Amino acid sequence: MARRKQDGIEIDEDLAHQRLEWRLERIGWTLMALLVLAALLGLLGYGPMSRASAGDAATLSLDYDRVQRASAPTEYRFHAAPALSGNGEVRLRFDASLLEEVELESIRPEPREVRTGPGYTEFAFATDGGERPADIVFQFRPATFGHVRGQVATQGAAPLLLDQYVLP
């Protein structure tokens with residue numbers, strides 16, 4: 001530690017320690033700025049980078065939040081192409097791993113039939129069988145937090161893989 005005289009007062013100073021403090025302060029400010037940027041982009045919850053899509057618009061597609069908050073409302077929004085719903089019905093088969101981690105609040109339109117089996121739950125929806133795509137919305141709240149992964153399958157389309165992170 002060096003002693004320095006300024007305006008008649010002797011001051012102890014440790015320039016090496018002061019430079020280390022300044023460096024740590026700049027690192028802290030940088031980390032806080034990166035955290036704010038991540039939040040604005042949606043990497044910590046709702047935002048543009050949080051939204052995800054799966055599937056193919058020609059058959060079945062899904063829009064959902066890749067990053068969610070535990071106990072916050074969210075939804076799965078399915079779009080079934082007319083070719084898929086041409087027989088007047090769309091059946092969505094969810095892996096049990098997806099539905100065990102959520103509290104379903106509502107399903108629009110109301111399913112015509114619900115069946116469960118080993119490792120899945122299947123929802124059947126009546127459609128107009130016409131040329132309009134069928135839109136199906138599952139509103140729910142995540143019941144826990146962590147990594148949630150599962151599939152939604154339907155006849156005539158490739159299974160949709162959902163990969164989500166639920167933050168506390």
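Here are some notes:
- Per-residue [θ]222 nm for the chain (sum of -39500 (n - 2.57) over DSSP H runs n ≥ 4, rounded to 500): -6000 deg cm²/dmol
- Residue order by solvent-accessible surface for 104, 167 is 104, 167, largest first, with ligands and nucleic acids left out and a 1.4 Å probe.
- Model label points for residue 31 and residue 75, set 7 angstrom from Cα along the Cα-to-Cβ axis, are 3.9 nm apart.
- C-alpha long axis of helix 15-41 to longest principal axis of the chain, angle in °: 20 degrees
- The string of couplings for the range 109-122 from the Karplus curve (6.51, -1.76, 1.60, θ = phi - 60°) is x, 4, x, 6, 8, 10, 10, 10, x, x, x, 8, 9, 10 Hz, one whole number per residue in order, with x for Gly and Pro.
- For the range 14-83, accessible area per residue (1.4 Å probe, heavy atoms of protein chains only), Å²: 63 Å²
- With only Cα atoms counted, the chain has Rg and Dmax values of 26.1, 94 Å.
- Exposure rank, largest accessible area first [17, 79; 1.4 Å]: 17, 79
- Heavy-atom accessible area for residue 15, with the other protein chains in place and a 1.4 Å probe, reaches approximately 80 Å².
- Extension reserve of the residue 126-residue 10 stretch, reckoned as 0.36 nm per residue once the Cα distance is removed: 33.1 nm
- When the solvent-accessible area of the chain is split by element, carbon and sulfur atoms take up 56 percent of it, the probe being 1.4 Å.
The values are calculated or read from the model by the stated rules, or taken from the named source; none is laboratory data. These numbers were taken from a predicted model, which means no experiment stands behind them. All Cβ positions, even for glycine, are placed from backbone atoms using ideal geometry, and neighbour counts span all protein chains on display. In case anyone asks, the SASA skips ligands and DNA or RNA and just uses the protein heavy atoms, side chains included. Shrake-Rupley method; radii C 1.70, N 1.55, O 1.52, S 1.80 Å.
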